[in-house]
Structure formats: structure tokens, C-alpha cells
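Q: Here you go, one structure.
The values are calculated or read from the model by the stated rules, or taken from the named source; none is laboratory data. No experiment lies behind these values; they were computed from the predicted model shown. Cβ coordinates were reconstructed from backbone atoms using ideal geometry, including for glycine residues, and neighbour counts include every protein chain displayed. Protein only, heavy atoms only, side chains kept; ligands, DNA and RNA dropped before computing areas. Shrake-Rupley method; radii C 1.70, N 1.55, O 1.52, S 1.80 Å.
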Amino acid sequence: MTQDVQGIAVVHVNGNENGKEASLPTRTDYLGWIARAGLALTRCRTATDALDAMAAQLDAAPFLLRGYVILAEAETLRLSRVVSFGRAPTLPAALPLAGSLAGAAIAEKRLVVAPPATPSIAAWERTLASESTLVCAPFHSAALRGVIVAALAEGSGEAEEYGACLQGAATLICSTLERIGECEAQLRQHMRQIDEAHTGRLALIGRLTAALAHEINNPLQAIANTLYLVQHRPLSDEKRQRYLGMAQQETERVIASVRRMLDLYRSSEQGKRPVALHRVLDQALQQAGDVLRERGIVVRCLYAPDDLRVSGFAGHLRYACYNLILNSAYAMPRDGTLTIRTYRYDDDAAPSVVVEFADTGTAVDEADLPRLFDPDGPVRGEANGIELPLSYSIIEQHQGTLTVQRIADQVVFRVCLPAAT
């Protein structure tokens with residue numbers, strides 16, 4: 001303890017002038033009070049609870065009359081939050097702490113003990129102290145600054161011990177608020193991740209719904225037109241049977257579309273698991289078989305010799321590949337060629353599995369290539385424009401990437417997915 005020119009007793013928080021650190025109180029009852037305060041703070045889950053619990057412990061201390069637990073703005077040193085105890089007078093909002101003993105304690109990171117009638121203290125501190133000794137115990141962390149300001153009970157003759165008690169309490173409230181702040185930050189980050197995942201799922205559901213509506217609408221229109229002709233036009237038996245056959249074929253297309261959507265739902269319910277990529281590709285090619293045969297598309301499969309596996313939803317990945325195959329088929333003229341190539345890619349970060357879809361279909365300007373994945377982007381050939389955004393969303397949900405580039409006379413879509421471990 002030293003004396004400054006104004007007669008204010010000062011104990012440095014991080015050590016006195018001789019380099020000796022400020023010590024805890026020596027009396028057992030004071031140490032017990034600090035322990036009880038610490039126990040009360042361990043039950044707190046919010047900053048408000050912690051401040052209220054600290055104020056309650058300070059109010060119960062027999063050596064204190066009244067005071068505040070104050071949080072200050074880091075840059076302006078204005079009061080940002082305060083909790084009073086012992087019927088201390090109400091402080092105005094955003095009270096400037098600069099020029100006060102409390103502000104000096106915060107700014108200089110030192111414990112300040114001011115005897116009665118100390119000159120040059122702020123008016124609100126003079127009102128709080130009245131004829132008592134005033135103690136200001138600051139606390140600091142990377143995220144907050146604050147101080148406990150208290151008037152000692154009359155007749156208190158152990159100002160240094162009481163100051164040590166308050167400094168211990170300040171350390172406790174600081175560590176508690178820091179712990180709560182870290183927990184709240186983690187919770188906010190977790191909630192953001194949940195919101196982002198939820199938003200991603202909603203976006204995917206919206207795109208899947210749009211795709212289903214598009215796939216179902218065309219065959220339903222054909223079925224409606226066919227049935228109208230059968231019901232309202234005089235037709236020969238041969239024509240009637242042909243039209244009914246067309247309606248049956250379109251009905252089967254609708255059933256197949258709904259079944260694909262159900263496969264997506266079932267796979268997402270089952271959770272992610274290792275998926276054999278080549279099997280997924282073969283199933284996608286089988287689903288797109290009618291379109292490929294109808295358009296005379298030649299398919300070349302250049303699969304890696306290894307059994308490539310990725311972690312994900314088999315139905316989702318199958319649907320993404322199916323849409324990429326359809327997009328290539330609709331973008332090509334009759335008798336086009338679709339080449340599907342797979343390989344493993346090992347880099348310094350983590351091994352990946354790559355599948356490329358190279359087609360000889362409609363070329364796209366280099367500047368427009370990235371916009372193919374936008375719902376309102378350019379459309380290649382007879383594609384409906386929804387296949388690529390759908391595939392992009394699904395691959396992104398699997399922490400993968402889907403890119404496109406022009407190589408010679410081909411448009412190449414490259415899917416890169418983390419390899420299953």
C-alpha cells in the first residue's frame with residue numbers, strides 16, 4: 001500500500017510498486033465469504049444472473065454499506081450496465097466514469113481505497129461514500145471492463161483486508177462473466193449453424209418441389225389431353241388403344257418421379273453413410289435410360305479401378321447424378337456422347353473422389369458458365385433449367401463442389417466429394 005498526493009490509499013491489482021502481488025485476505029471468515037460468493041456464481045447461466053448473484057453476496061457482507069457492480073464501455077469508459085446493493089442511489093444511464101475513482105481504477109487496473117472526506121472524487125461517489133471509506137475494485141478481460149464500488153461500514157478498521165475481499169469478488173465476477181460470454185458465443189454459433197442448415201434444407205426442399213412440379217406437370221398435361229380425346233372424340237379402336245397407351249406411359253413417368261422423391265426422403269431419414277459411387281452412377285444411368293435411348297446418346301463410363309466411396313445420402317447423390325445426366329442429354333443433339341469418368345484425388349488436406357460428366361452438347365459462353373447453377377441462369381439446349389441448381393444444392397449439402405468448364409468441344413461438369421474414411 002502506498003499514499004498518493006491526495007491521500008488515497010492504492011494497492012495495485014497486478015502488484016505494488018515493489019513488485020509484490022496483491023494478496024487475498026487472511027481472516028478465515030473473509031475467505032469463507034469469497035468462497036460462498038464463488039459458489040453462488042457457479043450456478044449462474046446468464047450475465048444478468050451473475051450480476052444479481054454478486055450484488056446479493058455483496059449486500060450480505062457485514063463490512064459493506066452499499067455500492068454497485070458496474071460494467072463500463074471499453075472505449076468511452078461510460079457506464080453500460082449497473083447493479084446496486086445496500087440501497088445505493090440510482091445512477092444515471094451512460095454515466096461518464098472518467099474523472100472518478102472508479103474510472104481511474106478501471107483505466108489503471110488498480111485497487112483504490114479512499115478514506116472518508118477524500119477530495120477530488122466524483123459527486124456520485126461522494127454521495128455513495130457519505131462519511132465512509134470508498135473501495136473501487138476493478139476487473140478486466142479481453143471482452144469486458146468493470147468495477148465493484150462499495151462504501152465500507154462505519155468503524156471498519158481493516159480497509160486493506162476489505163479491499164482484498166472486494167478484489168477477490170471482482171476476480172470472481174470477471175471470470176464468471178467471461179465464462180458466460182464464451183458459452184453464449186458458442187451457443188450463438190451453434191444456433192447460426194442450425195439456422196444455416198435449416199435454411200439450406202428449406203432451399204433444397206423448395207428446389208426439389210419445383211423440380212417435382214415440373215416433372216409431373218408435363219405428363220399430367222399429356223394424360224389430361226389424351227383422356228379428353230378418348231372421351232370427346234370419335235376414335236377408332238386402334239387410336240383409342242394408342243392414346244390409352246400414351247396415357248399409361250405418362251402415368252408411369254409420374255410414378256417414377258414420385259418414387260425418386262420418396263427415395264430422397266428415405267435416404268435422408270437413414271442418415272449419412274458410406275456410399276459406393278459407381279453403384280450410384282449406374283443407378284442414375286438406369287433411371288435416365290429412356291431419355292438416353294430416345295435421344296440416341298452414347299454413354300462411355302471410364303470408372304476408376306478402385307471401389308470409390310463417399311459419405312452421404314445415397315438417394316440424394318443418385319438424384320444429383322441423374323440430373324447432371326439429364327442436363328447433358330437434353331443439351332446434346334441426337335447421337336451425342338456423354339463420358340463419365342471417376343478417379344481419386346489426394347491432396348494435403350484430405351482425399352477426395354471426383355466424377356466428371358463430359359458432353360458434346362450446346363456450348364456456353366465462358367462468362368456464363370458459373371451462372372448455369374443459378375435458378376434463373378442460362379439453359380442449355382432442351383434442358384428445363386432446374387437440373388443443375390438441384391445438383392449444385394445436393395453436392396453442396398455433402399460438403400462437396402460442383403464446377404463446370406469448357407474443354408475443347410466438350411462441356412465438363414466436375415463433382416468433387418470428400419472420400420469416405
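Q: Using the Cβ atoms and a cut-off under 13 Å, what net charge is assigned to the surroundings of PHE63, where Lys and Arg are +1 and Asp and Glu are -1? Let's see the in-between values first.
A: Details: positive: ARG27, ARG66; negative: ASP29, ASP59, GLU154, GLU158, GLU160, GLU161.
In short, -4.
Q: Sticking with this one: Could you state the angle between the C-alpha long axis of helix 277-287 and the longest principal axis of the C-alpha atoms of the chain, as a value from 0 to 90 degrees rounded to the nearest 10?
A: Once rounded, one gets 50 degrees.
Q: In addition: What order do you get for 339-346, 53-60 when each peptide is scored by the mean count of other beta carbon atoms within 10 Å, highest first?
A: Details: 339-346: 15.2, 53-60: 19.6.
Descending packing order for the listed peptides: 53-60, 339-346.
Q: On a 0 to 90° scale, report how tilted helix 47-60 is relative to the longest principal axis of the chain, with both axes built from alpha carbons and the result rounded to the nearest 10.
A: 20 degrees
Q: Taking R0 as 45 Å, what FRET efficiency do you get between GLN241 and GLN189 from their Cβ-Cβ distance, rounded to the nearest 0.05?
A: Numbers: r = 64 Å, r/R0 = 1.42.
Plugging the Cβ-Cβ distance into 1/(1 + (r/R0)^6) gives 0.10.
Q: Based on the Cα atoms of region 348-394, what semi-axes does the equivalent ellipsoid have, where each is the square root of 5 times one gyration tensor eigenvalue, given in whole Å with the largest first?
A: Numbers: eigenvalues 106, 36, 26 Å².
One finds semi-axes of 23, 13, 11 Å for region 348-394.
Q: With axes computed from alpha carbons, what is the tilt in degrees of helix 314-331 against the longest principal axis of the chain, rounded to the nearest 10 within 0 to 90?
A: Its long axis makes an angle of about 50 degrees.
Q: I need the P(r) histogram for the chain: all alpha carbon pairs, bin width 20 Å from 0 out to the longest distance, whole percents.
A: Result returned by the calculation: 21, 28, 16, 24, 10, 1.
Q: Name the longest site-free stretch of the chain, where the excluded sites are GluC sites (Glu not before Pro) in a DSSP loop with no more than 16 other beta-carbon atoms within 10 Å.
A: Longest gap between qualifying sites, sites excluded: 159-381.
Q: Can you give the accessible area of HIS316 in Å² (nearest 10), computed on protein heavy atoms with a 1.4 Å probe?
A: Here the accessible area works out near 20 Å².
Q: Take each of the peptides 101-107, 41-47, average the number of other beta-carbon atoms within 10 Å over its residues, and list them starting from the highest.
A: Numbers: 101-107: 23.1, 41-47: 14.4.
Top of the packing list down: 101-107, 41-47.
Q: Share of Cα-Cα pairs in region 62-115 beyond 15 Å, in percent? Numbers along the way, then the final one.
A: Values: 719 of 1431 pairs.
Everything past 15 Å amounts to 50 percent.
Q: Kirkwood Rh, region 375-421, all Cα pairs: how many Å? Can you show the working numbers first?
A: Values: mean 1/r = 0.0829 Å⁻¹.
Kirkwood hydrodynamic radius for region 375-421: 12.1 Å.
Q: Shifting gears a bit: For a distance above 19 Å, tell me the whole-number percent of Cα pairs in region 279-369 that qualify.
A: Within region 279-369, distances greater than 19 Å cover 45 percent of Cα pairs.
Q: If you take every DSSP beta bridge whose two residues both sit in the chain, what share of them, in percent to the nearest 5, is antiparallel? Write down the numbers at each step before the final one.
A: Values: 59 of 64 bridges.
Here the antiparallel bridges make up roughly 90 percent for the chain.
Q: Report the one residue of ALA122, GLN193, ILE173 whose Cα lies farthest in the direction of the positive end of the charge dipole of region 97-193 (charges on C-beta: Lys and Arg +1, Asp and Glu -1; origin at the Cα centre).
A: Checked the options; the winner is GLN193.
Q: Mind checking the dipole of the chain: about its Cα centre, +1 per Lys or Arg Cβ, -1 per Asp or Glu Cβ, Debye to the nearest 20?
A: Details: 41 positive and 48 negative charges, 251 e Å.
Value, rounded to 20: 1200 debye.
Q: In addition: Could you work out what % of the accessible surface of the chain is carbon and sulfur, using a 1.4 angstrom probe and leaving DNA, RNA and ligands out of the count?
A: Numbers: 11290 of 21960 Å².
Carbon and sulfur: 51 percent of the exposed surface of the chain.
Q: Sticking with this one: Determine the calculated [θ] at 222 nm for the chain from helices alone, applying -39500 (n - 2.57) to every DSSP H run no shorter than 4 residues and normalising by the residue count; nearest 500 deg cm²/dmol. Don't skip to the answer; put the middle values down first.
A: Details: 10 runs with 198 residues, N = 421.
Rounded to the nearest 500, it is -16000 deg cm²/dmol.
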